[in-house]
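> This is the structure I have questions about; it appears just below.
Derivation of every value follows stated rules applied to the coordinates shown; laboratory data play no part. Keep in mind the model is a prediction, meaning the values are calculated, not measured. Positions of Cβ are backbone-derived with ideal geometry, glycine not excepted, and every protein chain shown enters the neighbour counts.
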Amino acid sequence: MASRPLDPKLEIKLTSLLETLIDQRAARVLVAPYDNAPGYWFGGGNMARGPGGTLWLVGRYRNAGDSTTGLEAGARGLELALFASEDGGDSFAKTKSWTKAELSCGGAKVLSIEGSALHFTEGGDCELYLSSEKEAAYPEDVAQFQKPGTGIWSIDVITSSAEEDLDAGAIRPVLSHPADPCYLHLKDPVVFDGARGATILVFCSHPFLWSSSNSGYAARPRGEAAFDVVSWEMVSRGPAWDVAGTRVTCRMPVPRVGAFRDRPPVSVYFYDGLECVRQLDAHSRAVARPRGYSCEELGGACYGADDSFPSMTRLSRQLPLFVSPYGTGCSRYVDVLVDEDGLLATWQQGREDGSQPLVGNRLPMADVARLLS
């Protein structure tokens, strides 16, 4: 996994920048969930600036439900929503949304919605990638592991020449489960422009056992329409707090300022990790740890030189970098928009009432330069 690590002093500067950016107490709510109660969230998407200059944000509303007992326990991921900001990200207004019923693809009923990603192509087209759980049976050799009322996760895309014209009627599949049930569920897309004009789609996979998560990636060469999987495991799972999973949620190009001004381009890869997918009962006299089971709730980061993607080095080796001081400690689905004015970060943050709104924090470029000087 590790490739061309930075000097330890540069790692310290980079870590300081990330911790200042993902400031849990300075963050403010950008999009609230539908209720201030456990199981109600908004997040799992990204921001992108359109050709016309408008800042767009996509994510999903999640209402209470529990996948461990089947979908009958609640609505869970129920709505994909698109927001626009005309004030640089200070506020967002919903412009479009799609229900589970509207996002069916290939005739399969959508049971839940999770991660999504908005991407603008070189030609100016708008691509909205989304992951959904569709009604489908597990492969016969692992069928006994499927819980009642559940399906299989896959990734689809809606493409339009303009953001306001995105239409669920144009949805088409991008990645679906492979022959190997160890990568049965594919979800939570992260999309960015890679080397030589290729489009990179990072995805999270879960096995039929739901015992872990991994990040893989697919590539679409310039001029091509389809993605091909390059690696099912582009990042190794961590050695300690994140031993059960590493879900990449964002690629952030490190601004070329301060000590990074004259270095080859480097990017940070934010990820969500977990110690155990199932509930982990700690010893009564052990060090208390924030929730890191059931789903990827705590945040970490890796970095890597752009010319050696996907090789990267983990910054959060022993402990997570990002933990909410409220509720369960959840801090996940980090996304960062980089422009000449600075960095704008959003993430899904656990609150005392059990909800998880989308929160945000801004770091001006002058502060970025100071922290990396």
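> If you stretched the chain out fully between Asp87 and Ala240, how much longer would it get, using 0.36 nm times the residue separation minus the C-alpha to C-alpha distance? Each step should come with its number before you reach the end.
Working: separation 153, 0.36 × 153 = 55.08 nm, distance 4.12 nm.
Fully extending the segment from Asp87 to Ala240 adds 51.0 nm.
> Specify whether the C-alpha gyration tensor of the chain places it in the rounded, prolate or oblate class, a ≥ b ≥ c being the square roots of the eigenvalues: rounded for a/c under 1.5, otherwise prolate if a/b is larger than b/c and oblate if not. Could the numbers behind the result be given before it?
Values: a/c = 1.32, a/b = 1.14, b/c = 1.16.
Rounded.
> Could you tell me the calculated FRET efficiency between Thr99 and Thr54, based on Cβ-Cβ distance and R0 = 25 angstrom, to the nearest 0.05? Provide the component values of the computation, followed by the final result.
Details: r = 24 Å, r/R0 = 0.96.
Given R0 = 25 Å and the Cβ-Cβ separation, E is 0.55.
> Once fully extended, how much extra length lies between Asp306 and Cys182, figured as 0.36 nm per residue of separation less the alpha-carbon to alpha-carbon distance? Please list the in-between numbers first.
Numbers: separation 124, 0.36 × 124 = 44.64 nm, distance 2.88 nm.
Residue separation times 0.36 nm, minus the Cα-Cα distance, leaves 41.8 nm.
> Residue by residue through the stretch 275-290, what is 3J(HN,Hα) from phi via Karplus (6.51 cos²θ - 1.76 cosθ + 1.60, θ = phi - 60°)? Round to whole Hz and write x for glycine and proline.
In residue order, the calculated couplings are 7, 7, 5, 8, 4, 10, 8, 7, 4, 4, 10, 7, 5, 5, 10, x Hz.
> Ok, one more. Whole-Hz Karplus ³J(HN,Hα) for the stretch 108-122, in order, using 6.51 cos²θ - 1.76 cosθ + 1.60 and θ = phi - 60°, x for Gly and Pro?
Whole-Hz 3J(HN,Hα) from phi for the stretch 108-122: 8, 5, 8, 9, 7, 10, 9, x, 9, 8, 9, 9, 10, 7, 4.
> Could you give the length gained on full extension between Gln279 and Thr121, defined as 0.36 nm per residue of separation minus the Cα-Cα distance, in nm? Before the final figure, lay out each step's value.
Details: separation 158, 0.36 × 158 = 56.88 nm, distance 4.15 nm.
Result for the pair: 52.7 nm of gain on full extension.
> With +1 on the Cβ of every Lys and Arg and -1 on the Cβ of every Asp and Glu, and nothing else charged, how large is the dipole of the stretch 68-165 about its Cα centre, in debye rounded to the nearest 20? Intermediate values should be presented prior to the final figure.
On the way: 7 positive and 18 negative charges, 114 e Å.
Approximately 540 debye in magnitude.
> Karplus couplings for the stretch 358-373 from phi (6.51 cos²θ - 1.76 cosθ + 1.60, θ = phi - 60°), rounded to Hz, Gly and Pro as x?
7, 10, x, 8, 10, 10, x, 4, 4, 6, 4, 4, 5, 5, 9, 6
> Taking a 23 Å limit on the Cα-Cα distance, which of the listed pairs Lys13/Lys187; Lys94/Lys134; Lys109/Lys147; Lys134/Lys187 fall beyond it? Before the final figure, lay out each step's value.
Details: Lys13/Lys187 32 Å; Lys94/Lys134 25 Å; Lys109/Lys147 17 Å; Lys134/Lys187 12 Å.
Result: Lys13/Lys187; Lys94/Lys134 exceed 23 Å.
> Continuing with the same structure: Non-local amide H neighbours of Ser316 (under 5 Å, H modeled in plane, Pro and chain starts lacking H): which ones?
For Ser316, the qualifying residues are Ala301.
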